[in-house]
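Enquirer: Provided herewith is a single structure, encoded as structure tokens, for subsequent inquiry.
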Amino acid sequence: MERKPFVVLMAEDDENDIIATKRAWEKCKISNPLYIVNNGEECLDYLHHRGKYSDPSSSPDPGILLLDIRMPRMDGLTTLEHIRKDKKLRMLPVVILTTSAEESDRMQSYNIGANAFIIKPVGFSNFAQALEKINLFWELVELPFEGVR
């Protein structure tokens, strides 16, 4: 039985990484729809369908969140804390995808409840391969639900 593609939400503020992600999505023919927000506050607005994300048809519930750590307004670790404390969101799989190689970031991410911590590979080809492998892994995993609600 073929599984229905799940929405991937990415919280990323770096325009170059956003462009590289979109290119990798096309290059690797990833069928899961990709939605992008630019900071932690926007991520929580998307997840709670607030403000410009109030229409669920334009902001479908994600099956997974790719979360950067270093973002303006609200960083990824604070965003992850909010997600894990929320009864409706706490089961959402969250993959930290960051340039940070700091041990403290890795440990804090796992302590808060990240499902994985991945350092963004250097170079487009390596980055695209990493996204393809992340996607493949989560396609094989039985997600706890089809979206956060």
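The values are calculated or read from the model by the stated rules, or taken from the named source; none is laboratory data. Fair warning: this is a prediction, and the values are worked out from it, not measured in the lab. Positions of Cβ are generated from backbone atoms using ideal geometry, with glycine treated the same way; all protein chains shown enter the neighbour counts. The accessibility values were calculated without ligands, DNA or RNA, using every heavy atom of the protein model including side chains. Shrake-Rupley method; radii C 1.70, N 1.55, O 1.52, S 1.80 Å.
Enquirer: So which pairs qualify, if the first residue must be in the range 122-142 and at negative phi, the second must be part of a helix (DSSP H, G or I) and open to solvent by less than 60 Å² (accessible area, probe 1.4 Å), the Cβ gap must be under 7 Å, and the two must be at least 6 apart or on different chains?
Expert: 124/20; 127/20; 127/24; 128/24; 131/21; 131/24
Enquirer: While we're on this one: Sort out which residues of the range 13-52 are out of contact with any Pro (no Cβ under 8 Å at 6 or more places or on another chain), without any contact (Cβ under 8 Å) to a residue 60 or more places away in the chain, open to solvent by less than 40 Å² (accessible area, probe 1.4 Å) and not in a helix (DSSP H, G or I), and write them in order of number.
Expert: 37, the sole residue that qualifies.
Enquirer: If you don't mind, there's one more thing I want to ask. Go through (1) more than 14 Å from residue 44 (Cα to Cα); (2) of a type outside the set (Val, Ile, Thr); (3) not in a loop (DSSP other than H, G, I, E, B) and name the single condition residue 114 misses.
Expert: Against the list (1) more than 14 Å from residue 44 (Cα to Cα); (2) of a type outside the set (Val, Ile, Thr); (3) not in a loop (DSSP other than H, G, I, E, B), residue 114 comes up short only on (3).
Enquirer: Let me confirm something: among 96, 69, 83, which residue is of a type in the set (A, V, I, L, M), touching a residue at least 24 places away in the same chain (Cβ under 8 Å) and either open to solvent by 80 Å² or more (accessible area, probe 1.4 Å) or part of a loop (DSSP other than H, G, I, E, B) (or both)?
Expert: Of 96, 69, 83, the one residue that is of a type in the set (A, V, I, L, M), touching a residue at least 24 places away in the same chain (Cβ under 8 Å) and either open to solvent by 80 Å² or more (accessible area, probe 1.4 Å) or part of a loop (DSSP other than H, G, I, E, B) (or both) is 69.
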